[in-house]
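Participant: Please find one structure pasted underneath; my questions will follow.
Since every read-out is calculated from the coordinates, none of them should be taken as a lab result. All figures in this text were calculated on a predicted structure; none of them were measured in a lab. Positions of Cβ are backbone-derived with ideal geometry, glycine not excepted, and every protein chain shown enters the neighbour counts.
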Amino acid sequence: DAGRADLVETLAFPLPFTVISRMLGMPPTDHERIRELSATLVKSLEVVDEDTMKAIFAASTELTQITREVIAWKRANPADDLLTALINAEHEGHVLDEHELIAQVVLLYVAGHETTVNLIANGTVALLRNPDQFALLRSRPDLVDNAVEEFLRYDSPVQQSRRITLEPYKVGDVEIPPGSFVMACLASANRDERTFG
């Protein structure tokens, strides 16, 4: 009705945030604060300066405390939701300890919505910059699943991923030894001419 809107603020952020909150079964909390902390936390995926690293650490500490309180609340108020399932998860007598449970919930919360925010925003920009593809998708809604996969490849919501090798891993003629910190550039891989022309 307004005729214009900020796509991220109006749709791309609140929609996935609401969905992951409902999936987890989050109790009434300061969702705005969690959004702020999450936005700070994902900056760890970038190359950052010392002040930003301090802000990331502080956000992580605060989000961990909020998550600890949410888990305590959920233990007292179980329901048919993902958080209750995580609390009750058991495999061959093993259950998630408090640190593992907090890490899983924070990961699901952050990854469950931040990547989708970027996917919606980047995908929209890609369609606006490629009106022929936008017209094709509008005329062929059956292509939407493929379009989402292409949005993920074309302008990945996560540009890089960090890993530590557990065993020797060969890349071309170079062997990366176990215990090595590796930064994989997903954006580059997604544009590899050998695969995508």
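Participant: At 222 nm, what helix-only mean residue ellipticity would the chain give, in deg cm²/dmol to the nearest 500, using -39500 (n - 2.57) for each DSSP H run of four or more? Kindly include the intermediate steps, with their values, before the conclusion.
Facilitator: Values: 9 runs with 116 residues, N = 197.
Using -39500 (n - 2.57) per qualifying helix, the result is -18500 deg cm²/dmol.
Participant: Which of Arg35, Arg140, Arg22 ends up with the largest GNM mean-square fluctuation for the chain, with Cα atoms connected below 10 Å?
Facilitator: Fluctuation is largest for Arg140.
Participant: Which helices count as membrane-span-like in the chain under these terms: full DSSP H, at least 27 Å along the axis by C-alpha, Kyte-Doolittle mean of -0.5 or more?
Facilitator: Working: long enough: 50-76 (39 Å, -0.13); 98-129 (46 Å, 0.75).
Sorted by number, the helices that extend far enough and score high enough are 50-76, 98-129.
Participant: With semi-axes √(5λ) of the Cα gyration tensor in Å in mind, check (1) 30, 20, 17; (2) 31, 27, 18; (3) 56, 18, 11 and report the label derived from this structure.
Facilitator: Here semi-axes √(5λ) of the Cα gyration tensor in Å agrees with entry (2).
Participant: On to the next question. By what distance, in whole Å, do the Cα atoms of region 1-107 stretch along each of the three principal axes, largest value first?
Facilitator: On the principal axes, region 1-107 reaches 53, 42, 22 Å in Cα extent.
Participant: Then there is this: In whole percent, what relative contact order does the chain give with Cα contacts below 8 Å and a gap of six or more residues?
Facilitator: Working: 174 pairs, mean separation 38.6, N = 197.
Relative contact order of the chain: 20 percent.
Participant: Follow-up question, since we're still on this one. What longest region of the chain stays clear of GluC sites (Glu not before Pro) that DSSP places outside H, G, I, E and B and that have at most 12 other Cβ atoms within 10 Å? Don't skip to the end; give the middle numbers.
Facilitator: Working: sites that count: Glu46, Glu92.
Segment 93-197 is the longest.
Participant: Moving to a separate point now. What translational diffusion coefficient, in µm²/s and rounded to a whole number, does the Stokes-Einstein relation yield for region 1-43 at 10 °C and a viscosity of 1.306 mPa s, taking the hydrodynamic radius as the Kirkwood radius over Cα pairs? Please report the intermediate quantities before stating the final value.
Facilitator: Working: Rh = 11.7 Å.
In µm²/s, the coefficient rounds to 136.
Participant: Give the Rg/Rh ratio for region 78-179, taking Rg as the radius of gyration of the Cα atoms and Rh as the Kirkwood radius, to two decimals. All intermediate terms of the calculation are to be shown ahead of the outcome.
Facilitator: Working: Rg = 19.9 Å, Rh = 17.6 Å.
Result: Rg/Rh = 1.13.
Participant: Further question on the same structure: Shape verdict for region 143-190, please, from the Cα gyration tensor: rounded (a/c under 1.5), prolate (a/b greater than b/c) or oblate.
Facilitator: Details: a/c = 3.31, a/b = 2.68, b/c = 1.23.
In terms of gyration-tensor shape, prolate.
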